[in-house]
2 protein chains.
Amino acid sequence: MIKHAIQDVYPEDLAHCYGCGRLNESGHQFRTGWEGNQTATYYKPEAEHTAIPGFVYGGLLASLIDCHGTGSASLFLHRKNGHEPEDGVEPPRFVTASLEIKFTKPTPQNETLKAVGTVEEIHPKKFKIHTEVYAHDEVVAAGVVVAAVMPDTFKAK
Amino acid sequence: MIKHAIQDVYPEDLAHCYGCGRLNESGHQFRTGWEGNQTATYYKPEAEHTAIPGFVYGGLLASLIDCHGTGSASLFLHRKNGHEPEDGVEPPRFVTASLEIKFTKPTPQNETLKAVGTVEEIHPKKFKIHTEVYAHDEVVAAGVVVAAVMPDTFKAK
């Protein structure tokens, strides 16, 4: 449901994340794009992603909020720099400094989850992403991610 | 490295969590037990649990801290009630109300991670678990989980 995702244009060596790497075949391959001035990521959990039968486990929601957060920060700074994912220009890559989640309702299985984010700049290299995760039009979790531009020490590895 | 884990005695219908359910064959099967007055969970991430090559992705750490938190709360309340995991008595089960994580260092792959927790009672049915995750004797992430006794509405499902 996302046409142009920021993860589609991450450089190859940074596209192996279990959460959002398009080259990680075992992973979730989350894709994050703009919907107006908000960012969105859709994902339908697998049957095995259970907490107790019928409900999605918290770790999946944490992964979704985390990667949605870094992807949203990348979208935001890329747009600030004059680019959109469909340009094909390499976007800035982020790491997560912190993650806070409130689990507001049990998350039903067999539903496509939608994470919706708004990005706030708190420093030229640091962004706060406020995310709500919806299942069937109800908020099931709310999260705040602080994402920082990836240090060069990571890329050197 | 944990001999008697609280997850070993969760009732069968609550043992399917992707993070810590002993009956979820696709999942991580985290096991949490006492080490003195602290709780501990050990886990060696799989090769696919990558953020960027060489480092573990944040969602895995979030899952570990989350399930370690609910397991720790269960151990704590069970002990308060006079029981240890090796009794075979069914322990109380918890859900996560909130989760906060600070990622303090990149988490290297190919290391066994150790989550160490201390439990604080903040209400007879609500506990706060302070966790540090170590890789090779360095703290790579610190988390706080608020865990609440599982509501009966969950168990009815």
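Derivation of every value follows stated rules applied to the coordinates shown; laboratory data play no part. On a predicted model such as this, the values are computed, not experimentally measured, just so you know. Using ideal geometry, Cβ is built from the backbone for each residue, glycine included, and neighbour counts are taken over all protein chains shown.
Label-point spacing for A:Thr112 across the identical copies (point 7 Å from Cα in the Cβ direction), in nm and ascending order: 4.3.
In order along region B:48-57, the Karplus-derived 3J(HN,Hα) couplings, from 6.51 cos²θ - 1.76 cosθ + 1.60 at θ = phi - 60°, round to 6, 7, 9, 8, 10, x, x, 10, 7, 6 Hz, and Gly and Pro are given as x. When each of A:Ile2, B:Ile65 is scored by the number of other beta-carbon atoms lying within 10 Å, the sequence from fewest to most is A:Ile2, B:Ile65. B:Ala97: net charge of surrounding residues, Cβ under 13 Å, Lys/Arg +1, Asp/Glu -1, itself excluded? Result for the local shell: +2. Remark: label point of B:His130 defined 7 Å out from Cα along the Cα-Cβ vector; separations to the same position in other copies 3.0 nm, ascending. Relative to the current alpha-carbon distance between A:Glu100 and A:Glu86, full extension at 0.36 nm per residue lengthens the span by 2.0 nm.
Backbone amide hydrogens, once placed in the peptide plane, bring A:His83 within less than 5 Å of nothing, excluding anything fewer than 5 places away on its chain.
Compactness ratio of region A:6-154: Cα Rg over 2.2 N^0.38 Å, N = residue count?
Details: Rg = 14.7 Å, N = 149, 2.2 N^0.38 = 14.7 Å.
In units of the 2.2 N^0.38 Å rule of thumb, it is 1.00.
Full extension of the segment from A:Thr153 to A:Glu120, taken as 0.36 nm per residue of separation minus the current Cα-Cα distance, would add 9.4 nm.
Panel order for B:Ser72, A:Ser98, A:Ser63, by other beta carbons found within 10 Å of each beta carbon, from fewest to most: A:Ser98, A:Ser63, B:Ser72. Of all beta-carbon atoms in chain B, the one sitting closest to the axis that brings chain B onto chain A gives B:Ala62, 2, with the distance in whole angstrom. Database remark: amide H of A:Thr50 closer than 5 angstrom to the amide H of A:Tyr57, B:Tyr18 (H placed geometrically; neighbours at sequence offset of 5 or more, or on other chains; Pro and chain starts carry no H). Between this copy and the others, label points of B:Asp13 are 5.3 nm apart in ascending order, each placed 7 angstrom from Cα in the Cβ direction. For the pair region A:11-33 / region A:72-136, the C-alpha centres are spaced 15 Å from each other. Counting only other chain Cβ atoms within 10 Å of each residue's Cβ, the peptide A:67-74 averages 1. Residues of region B:12-49 falling in the label zone of B:Arg79, defined by backbone nitrogen less than 18 Å from a point 7 Å along Cα to beta-carbon, are B:31-42. Can you check what the net charge comes to around A:Gly59, using other residues whose Cβ is under 11 Å from the Cβ of A:Gly59 (Lys, Arg +1; Asp, Glu -1)? Local net charge: -2.
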